[in-house]
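Notes follow the structure.
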Amino acid sequence: MSQTLTVPAGRQAGLGRWYWWRRHALVIIGGTLVLLLVISALFAPQLAPYDPYHVDVSRMLLAPSGEHLLGTDEVGRDVLSRVIFAARVSVQVASVAVSVGLLGGAIIGITAAYVGGWVDGVLMRFMELLFSFPAILLAIVLMASLGTNLLNAMAAIGIIFIPGFSRLARAATQQVLRQQYIEVARTLGMGDGRIILREILPNVVTPLLVEAMAAFAYAVILESSLSFLGLGAQPPQPSWGNMLSTGRGFMAQASWLGIVPGLAIFLGVLGFTLVGDGLRDLLDPRLKD
């Protein structure tokens, strides 16, 4: 005689909360870090306790204290204020670069998959050529050609992202084109533009958005790397990369100058990475329980 195992209502609720947390933990933790980064970027003038450009050599290399929570740098500028304003640079560069890469890659990838033939071959061979270069090397080459300023850094990083987005958009579009509703749309006489906008684009936007979150994390790293090498944000404009470059020379007597911007880069990249992984787990039907 079989017996039915019953679970108390309170325990069921507890298990439900646990599974919900496990499923959404990455998005929540990463989203919190990203939200703090965006808030710092948007409200930097209100949040920064001091002018990030104010030089006071009488207060240079002060250790973290109640007056300067993260200390001062080699010319007496408040490190916390500069880190907050540097978040604005990272968010701005990442947003523009990812938008350029996403838009350009989506157009190229969808066009290549939908048209096919020699158009597909030419476009994707060119994308593979760009993809074959190491990202930081390609960024340095582009910056050397365009010039060293923040606007050119956005363009260079955006160009680097186009091949990855185009390959993803092409693969997603090819999968959609195999579906029966595409044949139905063509049978009903829908034009190519309408099919792309109404049938293909809504079905490829999800993987592109998930990839965009990962690209945000990579954009922060690339912008910091370029600024570290002196090819991105130019002093006295604060950037996590140029702050880290300056701080490495003072690790013996003022270690916070290198630790603080390094930690900011780590948390920013971690936040975008966790959000991307969490969105992938939530939106990919193959990963659903």
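Throughout, read-outs are computed from the coordinates displayed, never taken from laboratory work. Predicted model only: the values in this text are computed from it and were never measured. Ideal geometry is used to build each Cβ from the backbone, glycine not excepted, and the neighbour counts take in all protein chains shown.
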What is the extension gain from GLN179 to VAL55, computed as 0.36 nm multiplied by their sequence separation minus the C-alpha to C-alpha distance, in nm to one decimal? 38.3 nm
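What is the Å³ per residue value for the convex hull set by the Cα atoms of the range 54-93?
Spelled out: Cα convex hull of the range 54-93, divided by residues, is 63 Å³.
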Looking at the chain, which longest stretch skips every one of the chymotrypsin sites (Phe, Trp or Tyr not before Pro) that is in a DSSP loop with at most 15 other Cβ atoms within 10 Å, leaving the sites themselves out? 54-289
D_trans [Stokes-Einstein, Kirkwood Rh over alpha-carbon pairs] for the range 135-257, 25 °C, 0.890 mPa s, µm² s⁻¹: 142 µm²/s
D_trans [Stokes-Einstein, Kirkwood Rh over alpha-carbon pairs] for the range 208-260, 4 °C, 1.567 mPa s, µm² s⁻¹: 109 µm²/s
Sorted from fewest to most neighbouring beta carbons within 10 Å, what does the list THR206, THR111 look like? THR206, THR111
Please order LEU231, LEU47 by the number of other Cβ within 10 Å, starting at the fewest. LEU47, LEU231
Point-charge dipole on Cβ atoms (K/R +1, D/E -1) for the chain, about Cα centre, debye to 20: 740 debye
For LEU62, list long-range residues whose amide hydrogen, built 1.01 Å from N in the peptide plane, is under 5 Å from its own amide hydrogen. THR72
Would the chain count as rounded, prolate or oblate if I go by the C-alpha gyration tensor, calling it rounded below 1.5 in a/c and otherwise prolate when a/b exceeds b/c, oblate otherwise? oblate
Among ALA252, MET124, PRO235, whose Cα projects farthest towards the positive end of the dipole of the chain, with charges put on the beta-carbon of Lys, Arg (+1) and Asp, Glu (-1)? MET124
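In square nanometres, what is one fourth of the surface area of the convex hull spanned by the alpha carbons of the range 133-174?
If I average the Cα hull's projected area over directions, I get 3.1 nm².
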Pop the C-beta distance of ILE39 and ASP192 into the FRET formula with R0 = 51 Å and round what comes out to the nearest 0.05. 0.75
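Are there trypsin sites (Lys or Arg not before Pro) in the range 148-193 that DSSP puts in a loop and that have at most 16 other Cβ atoms within 10 Å, and which ones?
ARG178
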